[in-house]
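No value in this document is a laboratory result; all are computed from the given coordinates. Just so it is clear, the structure is predicted and the values come from calculations on it, not from any experiment. Heads up, the Cβs are rebuilt from the backbone with ideal geometry, glycines too, and the neighbour counts pull from every protein chain shown.
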Amino acid sequence: MSAPTGPTDTPTTDDVVRSPRALARARRREALGRFARAYARNRAGMFGLASLLTIGVLALTAPLFIDPAHLTVTGAPGGSLEPPSAEFPLGTDNFGRSVLDLIIWGARVSLTVGLLATFVSVTLGTLAGITAGHFGSSGGLAGRLVSSVIMRVTDWFLVLPTLVLAVALAAVLPRGTGTIILAIGLTVWPPTARLVRAQTLAVEARPFVERARALGGGHAHVMGWHVLPNVMPVVLAQTTLLVATSIIAESTLAFLGMGDPTTISWGGILQAARTSGAISAGIWWYIVPPGLAIAVVALSFTLCGRAFESVMNPRLRGGSG
Amino acid sequence: MSGLLDVRDLHVTYAGSGGDVPAVRGLDLALDPGDTLGVAGESGSGKSTVALALLRLLPATARVTGHILLEGEDVLGMKWGRLRAVRWVGASVVFQGAMHSLNPVQRIGDQIAEPLILHGTVRPNQVASRVAELLEQVGLPASRSRDHPHQLSGGQRQRVMIAMALACEPRLIIADEATTALDVMIQAQILALLRGLVEETGIGMLMISHDLSVLAATCDRVAVMYAGRIVEEGPARDVVHRPAHPYASALSAAFPKIGDPASRLAPRGLPGDPPDPADPPSGCVFRPRCAVAASVCATVDPPLWPVHPENDGRSDRRAACVHVGPGVAGGAGGAGEISTEETSR
Amino acid sequence: MTTTPTEADGPTGAGTDDVPAPAAPGTGNRAWRVVTYVCGRLLTAAVSLFAVIVAGFFLFRILPGDPVRAMTEGREVTAEQREELRRQFGLDQPLWRQFLDYAEGLLRFDLGISFQYREPVVDLILERLGPTILLAGTGTVIAALLGLFLGARAGWRPGGRGDRTNTAVALFFWSVPTFWLGLLLIVLLASGRGFMPGLFPTGGMVDPGLSGPLERALSTAQHMVLPVTTMVAVIYAQYLMIMRSSLMDEKGADYLTTARAKGLRDALVRRRHAVPNALLPTVTLIFLNLGQVVSGVILVETVFSWPGLGQLFYSGLQVPDLGLVQGLFVVFAASVILMNLLADLVYPLLDPRVRP
């Protein structure tokens, strides 16, 4: 075969030979390229992406330049609460550990928890949203009932104070990172469910879903093969925004003392700073950097999510479009 | 030179992402006090753009050039303060589909009173009585001033819109599709109301509609717009019953009687779509849809020519078609000597 | 002539005879519809409240497996002490019995006994309700006013310089953890170390030893500055974004063209016509987001040692005092549900279109 021809070219023998699957793949690749080009034009989105990549690489490679022994209370290399110096660019904590090292190491836990909690909540929200949307638009009486019950539950969760619920969950379950992930994942899914439901309703109204149903496609087939792929772009943007929420929630739970005291996370560092009296003593290097790290990561995810959204839905972009 | 409104060589261009889109391309209109002028055309012919352009109500993406003389003063050259003072006092607008043109969360009495207070038309203690008077003038009981728009029927909302337009006793009323969303009976009532008001008060009215028969029933003169230009203009009766331009005759045939929403988008018997304003065809823009197009039409973009000038050397009708141009006898369809090879697709 | 309510005053479009509808349409039916509407909302709220009660029971009695173990985690307790606790909290009873006791207690506003304070939870809550309402109320009102004001400006000229600045600042504050902002303000403005003198107290609600009511009020106001600032900074952003998008939705509306045609200045078109319409959807969303205010107040009170419900919640978590945490969980959730009910009942008074 010669060089691949774009879908805009006039049909050649090559195109005839290629399977529909290959054609679909080519079309998808082109759409992805278009998306990437549009995204690259969004300056805030590129900033977010760049900062996330930097932080991600730092977190992944941390063991290469940080000795975990230096992060233990006993193996701390410096004196207690040393101000920033050449050796410790962000000073030390009350045990003499380098705050900069703590923050880089803390990124590992904070990002992991943020991503996993997001995964839990996006899965939950997508399941609830697609089910509610699908049966709400095309189910029988029982289906409609299921749909409205799901939406009632979603609304109930939506109204409740997220933090109170997450804290309560974290308080009654055994301490640990898994609990934190679960507590966040189980409480921040309702907005996703609402969004996915609305999108599902929009997709199901389109003719190709009608056709699939007329051809005898069952509920699972329609939901999995036709609705889900078309809902994914919206879910993706929502996911990016949710990671920001989850990371802030993780730090908040850790700050309230719900976290695993043996792991190092950004919220945990702040909690340690507070309990060690660094706040009223005005030890700024112990307090400013962890919060800035949280803010930068959360902001970066938010910027990426908004860029996704605006690329997919130009109306949101604002301006005279 | 006309007394009330004189529009000369009006151009409106929308700046779009894919380049400029001309919506109005060199439009002339003239209106004397006490006269009514109708502007007809399909959706997309630019007629609503004209209505908004007269008071500079178009969005910032629209570029407007030419002259709009309202009582001798050029609207396009006005400072913002002067323009605001002229709005609603010099000319007011009865908008289409009064449901969305009225603020849904404000009582209609307050909406009618708003321009009265703003322009100081009446003393503050007389505002309420003036509102009541206006409502009664359009056939609504004064007690309805406390209602919200959704509590009124479509016809009632249109009446409120008219009462509002009359509030500051403007010299000119622009009625933009004022009866479009209404059904036939209500449409007739509103038209009668508008006609009566013009007769009583001697104001000028510019009436914009896609429905030629509505204009025929209301207006003294009618101008037919196509693709941002006037293609025929003359006394209402003549334009409707003996159209000279092929497009006017298609439009006229499409509305045998008042109010038929089905034929709104594409007049019956007229194949094809209006031209893409960003990429108009060469020559006469109506050529691709014209049943009597000639080869000359591909190169000549005819200006407005007097129709039948040979009768007494002058005419009050003009049309932009080579078939009515100088040296061509007869109106539309009477162009036997010109081959019709270039017909519509 | 009898008319059904929908014909009498619904937005029915043009009737064929276009007779003006009577000025006070269907008064009797209308009263009936108001009653149905209110009852429906009350029922929904009641179901939600019941769900909260069940959730509270499930969370704190069933999920931990053994609540006593959860309560005494990390402490030396003898078997007798466990048994004593078990009896004291009624945990030796069968589950359904426990639930009935708990639900019946709630009806009498009995939220149980605090393990830590050895006092009825209700008394503890009532003691600290005032400070929380003062803090949360002030913070929410200021945040709502600020957010709506800035959001209306940003949404009117989307993409403009003001919009970009406003959105950027709002996004930044939204991305910042509430508690960290509080800590930062303390370090900057209260600790007295570093660059700034200690302008404000680091925590508490009123300086001890003040007797005059005016002195106490002034001291409270001074103590409130930093907590309220923190709350406003974190909450106002979402109000701004909601108002902004709501106004952007209204921007193309026809009635705004009418308002402009009347000769109104741009600012008046926005204030008098666009904002009132954009405000209505915003109000619902603001009430829907009240849960965030509760979350915010817990963190702010914890950081600033403000003697309110949030701090009580935090202290209950540290022990852990599950009875207290459970009681507060129910109170927080119920208050949000009640505020939403209030919003549902008030909304029709604000928006004539949805008036039943």
Requested in this report: Please name whichever of A:V288, A:L49, A:T123 sits farthest to the positive end of the charge dipole of chain A, dipole taken about the Cα centre and charges placed at Cβ: Lys and Arg +1, Asp and Glu -1.
Outcome: A:T123
**Report entry** Burial ranking of peptide ranges C:200-210, A:179-189, C:151-161 (average Cβ count within 10 Å, highest at the top)
**Finding:** A:179-189, C:151-161, C:200-210
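Are there any helices in chain C, counted as whole DSSP H runs, that stretch 15 Å or more along their axis by Cα and score at least -1.0 on average by Kyte-Doolittle, and if so which?
Details: long enough: C:27-57 (45 Å, 1.13); C:95-107 (18 Å, 0.17); C:121-156 (49 Å, 1.36); C:161-175 (21 Å, -0.15); C:213-250 (48 Å, 0.57); C:275-288 (19 Å, 1.76); C:290-304 (21 Å, 1.77); C:322-350 (41 Å, 1.99).
Span-like helices in chain C: C:27-57, C:95-107, C:121-156, C:161-175, C:213-250, C:275-288, C:290-304, C:322-350.
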Requested in this report: Just grab the label-to-label distance for B:H11 and B:V184, each label 7 Å out from Cα along the Cβ direction, in nm (one decimal).
Outcome: 4.4 nm
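Over all residues in C:282-291, what is the mean tally of Cβ atoms on other chains that come within 10 Å of each residue's Cβ? Working shown, then result.
Numbers: counts 0, 0, 0, 0, 0, 1, 3, 2, 2, 9.
For this peptide, the per-residue mean of nearby foreign Cβ atoms is 2.
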Query raised in the report: What is the local net charge at A:E204, summed over the other residues whose Cβ is closer than 15 Å to its Cβ (Lys, Arg +1; Asp, Glu -1)?
Result: +4
Report summary line: Rounded to the nearest 10, the angle in degrees between the Cα long axis of helix B:127-137 and the longest principal axis of the Cα atoms of chain B comes to 50 degrees
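Determine, for A:V296, A:V203, the number of other Cβ atoms within 10 Å of each Cβ, and report the residues in order from fewest to most.
Working: A:V296 18, A:V203 22.
So the ranking, lowest neighbour count to highest, is A:V296, A:V203.
Which ordering of B:W80, A:W285, C:W306 is given by a fewest-first count of other beta-carbon atoms within 10 Å?
On the way: B:W80 10, A:W285 20, C:W306 24.
Exposure proxy ranking, most exposed first: B:W80, A:W285, C:W306.
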Query - nm² value of the averaged projected area, convex hull over the Cα atoms of the stretch B:5-226 - result: 12.1 nm²
Report summary line: One point scatterer per Cα, no solvent, Debye formula: log10 I(q)/I(0) for the protein assembly as shown at q = 0.05, 0.10 Å⁻¹ comes out as -0.44, -1.28
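So how do A:79-90, C:174-185 stack up, highest first, on mean other-Cβ count within 10 Å?
On the way: A:79-90: 13.8, C:174-185: 24.1.
Most protected by this proxy first, the peptides run C:174-185, A:79-90.
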Requested in this report: Would you mind pulling out the separation of the Cα centroids of the stretch A:251-312 and the stretch B:111-190, in Å?
Outcome: 59 Å
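So between C:V77 and C:L145, what do we pick up on full extension, going 0.36 nm a residue minus the alpha carbon distance? It would help to have the intermediate numbers written out before the result.
Working: separation 68, 0.36 × 68 = 24.48 nm, distance 5.19 nm.
Extra length available between C:V77 and C:L145 comes to 19.3 nm.
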Requested in this report: Quick one: which residues, 5 or more positions from C:L111 or on another chain, have an amide H under 5 Å from its amide H? H modelled 1.01 Å from N in the peptide plane, none for Pro or chain starts.
Outcome: C:V121, C:V122
Report task. Quickly rank B:136-146, B:110-120, C:233-243 as a protection proxy: mean count of other C-beta atoms within 10 Å, highest first. Result -> C:233-243, B:110-120, B:136-146
Query - Farthest toward positive dipole pole in chain A [+1 Lys/Arg, -1 Asp/Glu at C-beta], among A:T179, A:T239, A:P89 - result: A:T239
Report task. Give me the distance in nm between label points sitting 7 Å out from Cα along the Cα-to-Cβ direction at B:A253 and A:L292, one decimal. Result -> 7.8 nm
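If I take R0 = 60 Å and measure r between the Cβ atoms of C:R69 and C:R216 in this structure, what FRET efficiency does the formula 1/(1 + (r/R0)^6) give, to the nearest 0.05?
On the way: r = 44 Å, r/R0 = 0.73.
That pair, C:R69 with C:R216, gives E of 0.85.
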Requested in this report: For B:V231, enumerate residues with amide H under 5 Å from its amide H, sequence gap 5+ or separate chain, H modeled in the peptide plane.
Outcome: B:V224, B:M225, B:Y226
Query raised in the report: What does the charge count near A:T112 come to, summing +1 for each Lys or Arg and -1 for each Asp or Glu among other residues with Cβ under 14 Å from its Cβ?
Result: -1
Requested in this report: Work out the mean other chain Cβ neighbour count within 10 Å for the residues of A:246-258 and drop it here as an integer.
Outcome: 4
Query raised in the report: In degrees, nearest 10, range 0 to 90: what is the angle between the Cα axis of helix A:284-312 and the longest Cα principal axis of chain A?
Result: 10 degrees
Query raised in the report: Going toward the positive end of the dipole of the protein assembly as shown, with +1 on Lys and Arg Cβ and -1 on Asp and Glu Cβ, which of C:L42, A:G257, C:L214 do you reach last?
Result: A:G257
Query raised in the report: Spin-label point model (7 Å from Cα, Cβ direction): what's the B:S295 to C:R164 distance in nm?
Result: 5.8 nm
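For peptide A:281-287, how many partner chain Cβ atoms fall within 10 Å of a residue's Cβ, on average?
Values: counts 5, 11, 4, 8, 0, 2, 6.
Other-chain Cβ atoms within 10 Å of each residue's Cβ, averaged: 5.
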Query raised in the report: Rounded to the nearest 500, what is chain A's calculated 222 nm mean residue ellipticity when only DSSP H runs of at least 4 contribute -39500 (n - 2.57) each, over all residues?
Result: -23000 deg cm²/dmol
Query - In degrees, nearest ten, helix B:154-166 long axis to first principal axis of chain B (Cα) - result: 80 degrees
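Suppose every K and R has +1 on its Cβ and every D and E has -1 on its Cβ; what is the size of the dipole of chain A about the Cα centre, in Debye to the nearest 20? Kindly include the intermediate steps, with their values, before the conclusion.
Working: 24 positive and 15 negative charges, 266 e Å.
Charge dipole, chain A, about its Cα centre: 1280 debye, nearest 20.
Suppose we look only past 27 Å in the calculated P(r) of chain A. What percent of the Cα-Cα pairs does that tail hold? List each step's numbers first, then the result.
On the way: 28891 of 51360 pairs.
So the pairs more than 27 Å apart make up 56 percent of the total in chain A.
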Query - In sequence order, calculated HN-Hα J values of the stretch B:232-239 (Karplus, 6.51, -1.76, 1.60; Hz; x Gly/Pro) - result: 8, 8, x, x, 3, 4, 5, 5
Report summary line: chain C: longest segment with zero exposed GluC sites (Glu not before Pro), where exposed means DSSP loop plus at most 16 other C-beta atoms within 10 Å, is residues C:77-356
Report summary line: Between A:F119 and C:Q318, the FRET efficiency computed from the C-beta separation at R0 = 35 Å comes out, to the nearest 0.05, as 0.70
Query raised in the report: Hey, got the dipole for chain B? About the Cα centre, +1 on K and R Cβ, -1 on D and E Cβ, debye to the nearest 20?
Result: 820 debye
Query - Charge context of B:D176, other residues only, Cβ under 11 angstrom, K/R +1, D/E -1 - result: -1
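Taking 22 Å as R0, compute the FRET efficiency from the Cβ-Cβ separation of A:A50 and A:M232 and round it to 0.05. Intermediate values should be presented prior to the final figure.
Details: r = 24 Å, r/R0 = 1.11.
Using R0 = 22 Å, I get an efficiency of 0.35.
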Query raised in the report: About its Cα centre, how strong a charge dipole does the protein assembly as shown have in debye, to the nearest 20, once Lys and Arg get +1 and Asp and Glu get -1 at the Cβ?
Result: 620 debye
